[in-house]
Amino acid sequence: MNLGLDLGYSAVKVVAGQRRKTFPSVVGTPDIGRFSLGEQEECIVLAAPPHVLVGRGAMAQSRFVNRREDRAWIESAEYYHLFLAALTEITSATAADLLLVTGLPVAFYGDREGLGNRLLGTHKVTREGWHAQTFRVAECRVMPQPFGALLAEALDDGGRIADQDLATGPVGVIDVGGKTTNLLSVRRLAEIGRQTESVSMGAWEIVRAVRTYLADRCPSLELRDHQVIDAIVARQVRYYGEPVDLAPVVDAVLEPMVSQVIAQATQLRNGGAGLDAILVAGGGALLLGPRIKAQFRHARISADPVFANALGYCKLAQRLGSGAN
């Protein structure tokens, strides 16, 4: 099986063929409600290794949750649990051989060898209520994250070149993630190092601002980080049954954020006039994308910005697996 995995600070996205799965990057204690007359939140419960609840189920049910944002998290137990959960989400097979492509932020790309070695080999997992599964990662490629968004647009589902302009011309990618915004410049699918860097800023800046606002405006409201994200997307939250408008505070944070991203991209690329196109991807693309497009007339938001990196990784895995030219 050829697999693309985008395991980010905010969410996990995994793609294999036409199958796509995503869930929040949250790992918690296995506390599950015992009774419900309605539809319960889907729970990913790993029984072994250590008994943990993953994703939205952990947000809703777990008494204690873990969510990290540091560089070393790729070495953590939480990262590994999210990795295993992603594999169980994409297939229920008792055994599967995988060709895996994944990514790291531009600034952390020096850690690629360590991550690749960790994900290579045999992984065993038991999901509660399921049979035990064994996954064998025979090959693992780690690439700078924004490359996935470019490959999602440049390659077809079989991993063959579908857009010659993107595959050969100078192209920029602005990948707005949870903690970092990656700026990548590419020519003929090769990185232009002097025009590539990470900015330590992402969608979680908005989460922190909204959380501070809610602590003052709605002091009795207790929301976990990913619940705050849902409120940001909806631009409102309910407090004692009444809607609270979050649009003003969200917009107040967005303006300086997008100004910094635009300033950095402009400085790196001399205004971007020499690029054929600029792709905007990542979970934050839906928030910052329209403002970036207003600045760069040749910028466009990826067809599926949330899944763009994972989709591109999967297409590259298809290319590697088939030997497509």
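Counting other C-beta atoms within 10 Å, and keeping those with at most 11, which DSSP coil trypsin sites (Lys or Arg not before Pro) do you find in region 202-301?
Listed in order of number, the matching sites are ARG297.
Set Lys and Arg Cβ to +1 and Asp and Glu Cβ to -1, take the dipole of region 2-144 about its Cα centre, and tell me which of LEU82, THR29, LEU100 lies farthest positive.
Comparing the listed Cα positions along the dipole, LEU100 ranks first.
Add -39500 (n - 2.57) for each DSSP H run of 4 or more in the chain, then divide by its residues: what number comes out at 222 nm, to the nearest 500 deg cm²/dmol?
Details: 10 runs with 115 residues, N = 325.
That calculation yields -11000 deg cm²/dmol at 222 nm.
Counting only complete DSSP H runs, which helices of the chain cover 30 Å or more along their long axis at the Cα atoms and score a mean Kyte-Doolittle of -1.0 or above? Each step should come with its number before you reach the end.
On the way: long enough: 247-269 (32 Å, 0.67).
Going by DSSP H runs, the hits are 247-269.
May I ask you to work out the translational diffusion coefficient for region 82-146 at 25 °C, viscosity 0.890 mPa s, via Stokes-Einstein with Rh from the Kirkwood sum over Cα pairs, reported in whole µm²/s?
195
In whole Å, what is the distance between the alpha-carbon centres of region 227-251 and region 265-325?
The distance from the Cα centre of region 227-251 to that of region 265-325 comes to 28 Å.
Among 19-28, 69-78, how do they line up from the highest to the lowest mean number of other beta-carbon atoms within 10 Å?
Descending mean neighbour count gives 19-28, 69-78.
Among MET257, VAL199, ALA231, flag the residue with its Cα farthest along the positive direction of the charge dipole of region 184-264, charges on Cβ as +1 for Lys/Arg and -1 for Asp/Glu.
So the residue we want is VAL199.
Hey, got the dipole for region 2-144? About the Cα centre, +1 on K and R Cβ, -1 on D and E Cβ, debye to the nearest 20?
That gives region 2-144 a dipole magnitude of about 120 debye.
For region 173-224 and region 136-171, compute the distance between their C-alpha centroids and round to whole Å.
Spelled out, the Cα-based centre of one part sits 23 Å from the other.
Each residue of region 53-59 in turn: what ³J(HN,Hα) in whole Hz from Karplus with 6.51, -1.76, 1.60 and θ = phi - 60°, glycine and Pro shown as x?
10, 10, x, 5, x, 5, 4
Considering only DSSP states other than H, G, I, E and B, which chymotrypsin sites (Phe, Trp or Tyr not before Pro) in region 229-325 qualify as loop sites with at most 15 other Cβ atoms within 10 Å?
Working: sites: TYR239, TYR240, PHE296, PHE307, TYR313; in loops: TYR240, PHE296, PHE307.
The qualifying sites are TYR240.
GluC sites (Glu not before Pro), restricted to region 179-276: which are DSSP loop and have at most 15 other Cβ atoms within 10 Å?
In loop regions of region 179-276 (DSSP not H, G, I, E or B), the sparsely surrounded GluC sites (Glu not before Pro) are GLU222.
Where a number appears in this text, it was derived from the coordinates with a stated rule and is not lab data. The shown structure was predicted, so the numbers you read here are calculated from the model rather than taken from an experiment. Note that each Cβ is placed from the backbone with ideal geometry, even for glycine, and that neighbours are counted across all protein chains shown.
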